[in-house]
Amino acid sequence: FVPHPASRIPHPASRIPHPASRIPHPASRIPQKNMPLPFKITTLLFIQNTEDQLLLLRRTKTPNFNKWSPPGGKLEMAEGESPFECAIREAEEEAGIQLSPDDLHLWGMISEKSFEGSGHWLMFMFKVTPRLNTLPPGIDEGNFQFFSRQDIEQLEVPETDKILIWPYFDQYHDKFITYRVDLAAMAKGDLNVIVDQVIG
């Protein structure tokens, strides 16, 4: 028995998926509520010159685009990098300074919950004890400049730095403080900084 030739040819409609099968359900394109935010760990370096001025970077990238902030960067967590290792690496990559752990004083650690609603940040803040004699050249992240602590008050700095970093640097840069804040609540006018520990 030889089947009719037409029986071996699938109907054209059987090869074309229904249009609705190619369109994802609208709910699949909507970000799910209560999804956990990513957690990022970073370092900030407070570097001074021989005149006690602080080194700041005018950033050309987000976050904090076009604003002045201390150099630093995120930990290479996939490599198991520690905060001290990150600070040493960032000092060399950004400012061209070769440091050892003994050149760093960890003066502060702040946990910022819900930064701009996009993630949580844990920030380790280091005072670099060796002083610079010259200004480091610009990098891909931006350009450097030295400023007195008083001049920094007149600069365009991130709002969170103005409220949560610089006042604590002034008070604790030779000590140690760990503190935390909910930035989502702060954005609604509820600034509640919780100090967990102070040493020194």
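Taken together, the values in this text are just the output of simple stated rules run on the coordinates, not laboratory data. Fair warning: this is a prediction, and the values are worked out from it, not measured in the lab. Cβ sites come from the backbone with ideal geometry, for glycine too, and all protein chains shown count toward neighbours.
If r is the Cβ-Cβ distance from Ala187 to Asp52 and R0 is 30 Å, what FRET efficiency results, to the nearest 0.05?
0.30
Would you grab the residues whose amide H sits under 5 Å from the one on Ile165? Only those 5+ places off in sequence or on another chain, please, with H modelled 1.01 Å from N.
For Ile165, no residues qualify.
Using alpha carbons only, how many angstrom separate the centre of the stretch 37-76 from the centre of the stretch 165-200?
17 Å
Apply the Karplus parameterisation 6.51 cos²θ - 1.76 cosθ + 1.60, with θ equal to phi minus 60°, to every residue of the stretch 48-57 and state each ³J(HN,Hα) to the nearest whole Hz, in sequence, with x for glycine and proline.
Working through the residues one at a time gives 10, 9, 5, 9, 6, 7, 9, 8, 10, 10 Hz.
So how much slack lies between Leu122 and Lys162, counting 0.36 nm per residue of separation and subtracting their Cα-Cα distance, in nm?
Length difference between fully extended and current span is 12.7 nm.
Using all Cα-Cα distances in the stretch 40-148, what percent lands in each 10 angstrom bin from 0 up to the longest?
15, 47, 33, 5
Output ³J(HN,Hα) for the stretch 194-200: one whole-Hz value per residue in order, computed from phi by the Karplus curve 6.51 cos²θ - 1.76 cosθ + 1.60 with θ = phi - 60°, and x for Gly and Pro.
So the J values, rounded to whole Hz, are 9, 8, 8, 7, 10, 10, x.
Which loop-located chymotrypsin sites (Phe, Trp or Tyr not before Pro) does the stretch 63-101 contain, where loop means any DSSP state but H, G, I, E or B and the Cβ has at most 16 other Cβ atoms within 10 Å?
Phe65
What is the packing order of peptides 171-179, 103-111, taking the mean over residues of other C-beta atoms within 10 Å and listing the highest first?
103-111, 171-179
Under 19 Å from the Cα of Lys74, which aspartates and glutamates turn up, not counting those fewer than eight places away in the same chain?
Reachable aspartates and glutamates: Glu85, Glu90, Glu92, Glu93, Glu94, Glu112, Glu116, Asp140, Glu141, Asp161.
With 5 Å bins from zero, work out the P(r) of the stretch 138-200 over every alpha carbon pair and list the percent per bin.
4, 13, 20, 20, 17, 15, 8, 2
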